[in-house]
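The values are calculated or read from the model by the stated rules, or taken from the named source; none is laboratory data. Not measured: the values here are computed from a predicted model. All Cβ positions, glycine included, derive from the backbone under ideal geometry; neighbour counts span all protein chains shown. These accessible areas exclude ligands, DNA and RNA; they are computed on the full protein's heavy atoms, side chains included. Shrake-Rupley method; radii C 1.70, N 1.55, O 1.52, S 1.80 Å.
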Amino acid sequence: MADRNVVVTGPGEVSIVATPVEDGPFRVRTLFSGVSAGTELSFVKGTHPGLHVGFDGELGLFGGPASDAYPVTRLGYMEVGVVESSATPAVTVGSTVAMTYGHRTGWTGDPLRDRIVPLPASLDPILGIYAAHMGPICANGLLHAAAEAGGSTLADGVSGRRVAVTGAGVVGLLTALFARAHGALSVVVIDPSPDRLAVAAALGLDTLDSSAGDSAVTLKTAWRHWPGDRGADVVFQCRGQASALQLALRLLRPQGTVIDLAFYQGGADEVRLGEEFHHNGLALRCAQIGRVPRGLAGTWDRDRLSAATIDLLRAHGDDIRKHMITAVVPFDQTPQLLADLGARRRQEVQSVLAF
């Protein structure tokens with residue numbers, strides 16, 4: 001007996017291989033698996049830093065032999081499946097769960113190793129792709145904004161505040177929905193893609209086309225706090241382009257903060273720290289899912305972030321399913337899909353593999 005697993009053996013080289021099934025406490029049969037257009041495609045394109053240089057987790061420094069060299073045998077982190085068998089009372093047979101085990105037909109799980117997010121029966125299971133990891137990434141962004149404001153809840157950094165989101169991909173759209181749900185006074189999503197802006201608008205979000213004039217001038221003209229004090233209170237930077245981070249800094253009011261959720265695979269050479277960043281006294285905070293803000297780890301673990309995600313999906317799931325999930329593709333077509341996305345021959349907001 002074997003599972004079928006997606007493997008990347010080199011840039012643009014994606015295949016499905018048979019992987020022996022191991023014994024373990026429970027077995028999951030995959031229903032859906034979401035495709036990440038950032039981290040995941042960086043392995044397909046060959047741009048992920050871990051393919052070329054190692055990371056010392058103890059020192060927190062890059063250097064030495066590659067830590068994630070080809071072949072990449074675990075690709076993907078947005079899986080939904082049904083528990084088909086279980087020898088542990090911690091996992092219920094027949095339950096639908098969200099996990100992070102990669103694009104494969106099934107998984108032998110262990111509750112002492114794997115994080116398992118049970119999904120409510122009332123939730124469309126395809127939306128569960130966001131529950132274990134992607135949604136918590138976005139909720140964690142709001143938590144970092146709260147910590148910057150001296151707060152401890154998802155609302156504390158956005159409630160009553162003017163919020164800009166740069167990037168209308170999945171991370172940007174979910175983050176914008178989180179900000180609106182938690183009381184932001186205004187939320188605007190900024191992106192150069194008309195198709196992605198149309199998705200944001202369909203979700204009921206205000207939008208701004210960054211390719212049509214200077215978005216910073218437009219936004220700061222509209223958002224006035226005091227004389228000489230204009231712009232966003234906080235910007236969530238969700239697009240992996242240096243130009244987007246540069247724009248995010250220019251959108252801020254004096255002493256505002258960019259919460260950065262992006263992944264700059266080629267560095268960020270276009271960012272200029274001697275201009276708005278310096279003269280407006282701005283702050284830049286990386287909100288990486290590997291850690292919550294200091295001081296909040298005792299109250300905000302990954303499961304609580306997942307619970308907040310499920311609340312968002314319950315409230316806005318119909319619109320997310322209709323507008324954000326732009327392609328549902330049979331699992332057997334995964335190699336072609338990933339190759340096309342990596343080469344930019346195909347554009348999707350959220351692709352989902354169906355099993």
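Could you report the chain's accessible area per residue, 1.4 Å probe, as an integer in Å²? Before the final figure, lay out the partial values.
Values: 15720 Å² over 355 residues.
With the other protein chains kept in place, the chain gives 44 Å² per residue.
So how long is each side of the range 205-355 along the principal axes, counting just the alpha-carbon atoms, biggest first, in Å?
Between the extreme Cα coordinates on each principal axis of the range 205-355 lie 56, 42, 30 Å.
Taking amide hydrogens as modeled 1.01 Å from N in the peptide plane, which residues meet the under 5 Å criterion relative to SER210, leaving out close sequence neighbours?
Here the answer is ASP191, since their amide H atoms fall under 5 Å of that of SER210.
As I understand it, the value is the acute angle between the Cα axis of helix 134-148 and the longest principal axis of the Cα atoms of the chain; what does it come to in degrees, rounded to 10?
Once rounded, one gets 30 degrees.
In nm, to one decimal, how far is the modelled label at LEU185 from the one at THR92, with both set 7 Å along Cα→Cβ?
Taking the two extended label points, one gets 4.5 nm.
With the chain treated as a Gaussian network of Cα nodes joined by springs under 10 Å, which of GLY60, GLY295, GLY46 yields the largest mean-square fluctuation?
The residue with the greatest mean-square fluctuation here is GLY60.
Give me the distance between the Cα centres of the range 340-355 and the range 153-231, rounded to whole Å.
After rounding, the separation between the Cα centres reads 25 Å.
Which residue fluctuates the most in the chain, going by a Gaussian network model with Cα springs under 10 Å, if the choices are ALA145, ALA164, ALA212?
ALA212
Would you calculate the separation in nanometres between label points at GLN255 and SER152, each defined as 7 Å from the Cα along the Cα-to-beta-carbon direction?
2.4
Could you please put TYR130, TYR70 in sequence from largest to smallest accessible area, using a 1.4 Å probe?
The residues order as TYR70, TYR130, largest area first.
Rounded to the nearest percent, how much of the accessible area of the chain (1.4 Å probe, protein heavy atoms only) is carbon and sulfur? It would help to have the intermediate numbers written out before the result.
Details: 7900 of 15720 Å².
Answer for the chain: carbon and sulfur cover 50 percent of the accessible area.
Kindly identify the range 79-217 as rounded, prolate or oblate by the Cα gyration tensor criterion: order the square roots of the eigenvalues as a ≥ b ≥ c, call it rounded if a/c is under 1.5, otherwise compare a/b with b/c, prolate if a/b is larger, else oblate.
Details: a/c = 2.93, a/b = 1.92, b/c = 1.53.
Prolate.
Whose amide H sits under 5 Å from the amide H of VAL329, counting only residues 5 or more places off or on another chain, with H placed in the peptide plane?
Those lying under 5 Å, H to H, from VAL329 are VAL352, LEU353, ALA354.
State the three equivalent ellipsoid semi-axes of the range 228-313, derived from the C-alpha gyration tensor as the square roots of 5 times its eigenvalues, in descending order and whole Å.
Semi-axes (√(5λ), whole Å): 27, 16, 12.
With +1 on the Cβ of every Lys and Arg and -1 on the Cβ of every Asp and Glu, and nothing else charged, how large is the dipole of the range 1-149 about its Cα centre, in debye rounded to the nearest 20?
On the way: 8 positive and 14 negative charges, 54 e Å.
Charge dipole, the range 1-149, about its Cα centre: 260 debye, nearest 20.
Per-residue HN-Hα couplings for the range 65-75, Karplus 6.51 cos²θ - 1.76 cosθ + 1.60 at θ = phi - 60°, whole Hz, x for Gly and Pro?
These are the phi-based 3J(HN,Hα) values: x, 4, 8, 10, 5, 4, x, 8, 9, 9, 10 Hz.
Output wanted: per-residue J couplings in Hz (rounded whole) for the range 171-187, from phi through Karplus 6.51 cos²θ - 1.76 cosθ + 1.60, θ = phi - 60°, x for Gly and Pro.
Listing the rounded values in order: 4, x, 5, 5, 5, 5, 5, 4, 4, 5, 5, 9, x, 4, 5, 9, 9 Hz.
Could you check the spin-label model distance between VAL328 and ARG74? Points 7 Å from the Cα along Cα→Cβ, value in nm.
Taking the two extended label points, one gets 2.8 nm.
For the chain, what is the calculated [θ] at 222 nm in deg cm²/dmol (nearest 500), taking -39500 (n - 2.57) for each run of four or more DSSP H residues and dividing by its residue count? Write down the numbers at each step before the final one.
Values: 9 runs with 92 residues, N = 355.
-7500 deg cm²/dmol, from helical runs alone.
If we sort 3-11, 98-106 on the protection proxy, mean other Cβ atoms within 10 Å, highest first, what's the order? Mind showing how you got there, number by number?
Working: 3-11: 19.1, 98-106: 22.9.
So the order, starting with the most tightly packed, is 98-106, 3-11.
Taking the inverse of the average 1/r across all pairs of different Cα atoms in the range 152-191, what Kirkwood radius in Å do you get? Please report the intermediate quantities before stating the final value.
On the way: mean 1/r = 0.1016 Å⁻¹.
The answer is 9.8 Å.
Which of ARG272, ARG294, ARG74 moves the most in a Gaussian network model of the chain with Cα springs under 10 Å?
Largest GNM mean-square fluctuation: ARG294.
Just the projected area, averaged over all directions, of the convex hull on the alpha carbon atoms of the range 10-132: how many nm²? Walk me through the numbers before you get to the answer.
Details: hull surface 35.0 nm².
Averaged projected hull area, Cα only: 8.8 nm².
If you line up the Cα atoms of the chain on their principal axes, what length do they span on each, largest first, in Å?
69, 41, 41
Taking the Cα of THR39, stepping 7 Å toward and past its beta carbon, and measuring to each backbone N in the range 59-86: which are under 20 Å?
Under cut-off, by backbone N: 59-63, 66-81.
Search the structure for amide H atoms under 5 Å from the amide H of LEU31, placed 1.01 Å from N in the peptide plane, and list their residues when 5 or more places away or on another chain.
The answer is VAL80, GLY81, VAL82.
With both bridge residues required to lie in the range 207-355, what share of the DSSP beta bridges run antiparallel, to the nearest 5%?
Working: 2 of 16 bridges.
Taking every DSSP beta bridge within the range 207-355, about 10 percent pair in antiparallel fashion.
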